[in-house]
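Below you'll find the structure, written out as structure tokens, and then a few comments.
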Amino acid sequence: MCIRPSEAEGRASFETRGATRRPAPTVIAREALASRAMRVGVVGGGLMGSGIAEVCARCGVDVTLVELDPDRVERANAAIERSLDRAVRSGKLDAEERTAAAERIAYASELEAVEGADVAIEAIIESEDAKRELFRELDAILPEAEFLASNTSSVPIMKLGAETRHPQRVLGLHFFNPVPVLPLVEVVRSIMTSEDTLRRAHDFAENTLGKTTIDSQDRAGFVVNALLIPYLLSAIRMYESGFASKEDIDDGMVKGCAHPMGPLALADLIGLDTLLAVSASLYEEFRDPASVAPPLLNRMVEAGLLGRKSGRGFYEYAK
Ligand code: CAA
């Protein structure tokens with residue numbers, strides 16, 4: 001979501017309604033973007049990886065999107081095409097910009113395709129082993145990269161940095177779903193992340209992608225999920241116990257608290273497997289009972305009811 005002047009004006013007037021006022025994201029001149037000639041390797045073509053790739057491409061960055069499962073490369077491509085079409089329909093992109101953004105993304109199913117990238121962003125499944133192995137490989141393939149970032153919601157950044165020979169250039173860049181819509185990126189430093197890496201990552205997220213950043217220490221959940229996940233788990237417990245129907249729980253939070261969506265619908269949007277992984281990491285770190293997954297969440301994940309991405313979670317979705 002590169003902010004154009006007309007959008008920036010809209011955003012500024014929206015932001016002045018909030019209690020805390022943040023400056024509107026920087027407006028980047030198209031010429032300045034063109035002269036950057038930056039290349040980003042995004043690894044993982046799921047919901048988050050394809051969203052991150054799309055946002056980069058819309059901001060003039062060349063992207064190599066690696067989806068290691070060849071069957072899913074086509075799916076990532078289709079998801080990005082759909083999202084770009086949606087942006088054209090709602091007037092956020094014109095046809096020319098849409099074509100240019102789509103052409104900036106190269107798809108690959110081999111990690112070596114990211115070679116030469118200035119920056120890498122990992123967005124594969126929330127598996128600590130898989131991510132550790134990937135960071136080992138990225139470190140070897142990209143010895144000159146400015147930084148290697150993870151979009152993880154649950155794996156400590158230090159564990160990923162420790163797999164590399166350059167832990168000072170490893171950090172977390174945590175985007176929010178839907179990535180083209182939500183302005184926030186959490187910038188997460190491990191105890192080994194250097195100031196230079198942080199500065200470059202802030203510059204990239206704010207000035208290249210037009211996102212708003214907040215900083216977090218390398219603690220489970222970072223800032224947002226440490227607050228959000230216990231709330232979502234409470235909603236599942238409330239539903240599981242028969243306290244209220246799922247529709248009433250969601251309506252309560254939408255109509256009573258002006259949330260854009262209720263907690264059970266949001267759990268479906270995030271993905272119940274991701275929610276489970278984040279709750280496990282929160283519990284492992286803080287031992288707070290509020291982060292224990294309710295049995296219903298476990299059973300749903302075991303059944304493959306993962307939310308929107310599988311077509312069924314608390315609600316059903318057209319595939
Ligand atoms: N991709 C791209 N654009 C999308 C989109 C998607 N998947 N979904 C919606 N949009 C766009 C639409 O095009 C529309 O744009 P315009 O206003 O310019 O037309 C806008 O978003 C609103 O969409 P809709 O009118 O279709 O629907 P809505 O008003 O109900 O909004 C929503 C949908 C954006 C998902 C909104 O309900 C929302 O923001 N929900 C909260 C999402 C949230 O909390 N996300 C954070 C999850 S936590 C996380 O991601 C981190 C983690 O580690 C777990």
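Any read-out appearing in this document is the output of simple, stated calculations on the displayed coordinates, not a laboratory observation. Given the structure is predicted, the values throughout are model-derived calculations rather than measurements. We place every Cβ from the backbone using ideal geometry, glycine too, and count neighbours over all the protein chains shown.
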Query raised in the report: At what distance in nm do the modelled label points of Ser241 and Phe286 sit from each other, each positioned 7 Å from its Cα along Cα→Cβ?
Result: 1.9 nm
**Report entry** Gain upon complete extension [Ile125, Asn298; 0.36 nm per residue less C-alpha separation]
**Finding:** 60.5 nm
Query - Residue-averaged [θ]222 nm for the chain, counting only DSSP H segments that reach four residues, each worth -39500 (n - 2.57) - result: -14000 deg cm²/dmol
Report task. Work out, in µm²/s and without decimals, the Stokes-Einstein translational diffusion coefficient of segment 225-310 at 10 °C, 1.306 mPa s, Rh from Kirkwood over C-alpha pairs. Result -> 123 µm²/s
**Report entry** segment 225-310: relative contact order in percent, alpha carbon pairs under 8 Å with at least 6 residues between
**Finding:** 33 percent
Query raised in the report: Packing-wise, with mean Cβ within 10 Å as the measure, how do 91-101, 75-85, 184-194 rank, highest first?
Result: 184-194, 75-85, 91-101
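Give the relative contact order (percent, whole number) for segment 74-162; include only Cα pairs under 8 Å separated by 6+ residues.
26 percent
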Query raised in the report: Say each of Tyr317 and Val88 gets a label point 7 Å from the Cα, pointing the same way as Cα to Cβ; how far apart are those two points in nm?
Result: 2.3 nm
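What's the extension gain from Asp215 to Ala78 if we count 0.36 nm per residue and subtract their Cα-Cα distance?
46.0 nm
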Report summary line: So the FRET efficiency between Glu110 and Tyr231, C-beta based with R0 = 41 Å and rounded to 0.05, is 0.55
Query raised in the report: Over what distance in Å are the Cα centres of segment 51-100 and segment 230-272 separated?
Result: 30 Å
**Report entry** Order by protection proxy (mean Cβ within 10 Å, highest first), peptides 217-228, 61-72
**Finding:** 61-72, 217-228
Query raised in the report: Once you put a point 7 Å from the Cα of Arg132 and another 7 Å from the Cα of Asp196, both along the Cβ direction, what distance in nm separates them?
Result: 2.8 nm
Query raised in the report: Tally Lys/Arg at +1 and Asp/Glu at -1 over every other residue whose Cβ is under 13 Å from the Cβ of Ala201; what's the total?
Result: -3
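Using a Förster distance of 45 Å, how high is the FRET efficiency between His259 and Glu103, based on the Cβ-Cβ distance and rounded to 0.05?
0.75
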**Report entry** Exceeding the 27 Å Cα-Cα cut-off - candidates Lys92/Lys159; Lys211/Lys309; Lys131/Lys246
**Finding:** Lys92/Lys159; Lys131/Lys246
Query raised in the report: Going from the alpha-carbon gyration tensor of segment 75-223, what semi-axes, largest first and in whole Å, does one get by taking the root of 5 times each eigenvalue?
Result: 27, 18, 14
Query raised in the report: Given 0.36 nm per residue, what is the gain on full extension from Asp71 to His166 after removing their alpha carbon distance, in nm?
Result: 31.0 nm
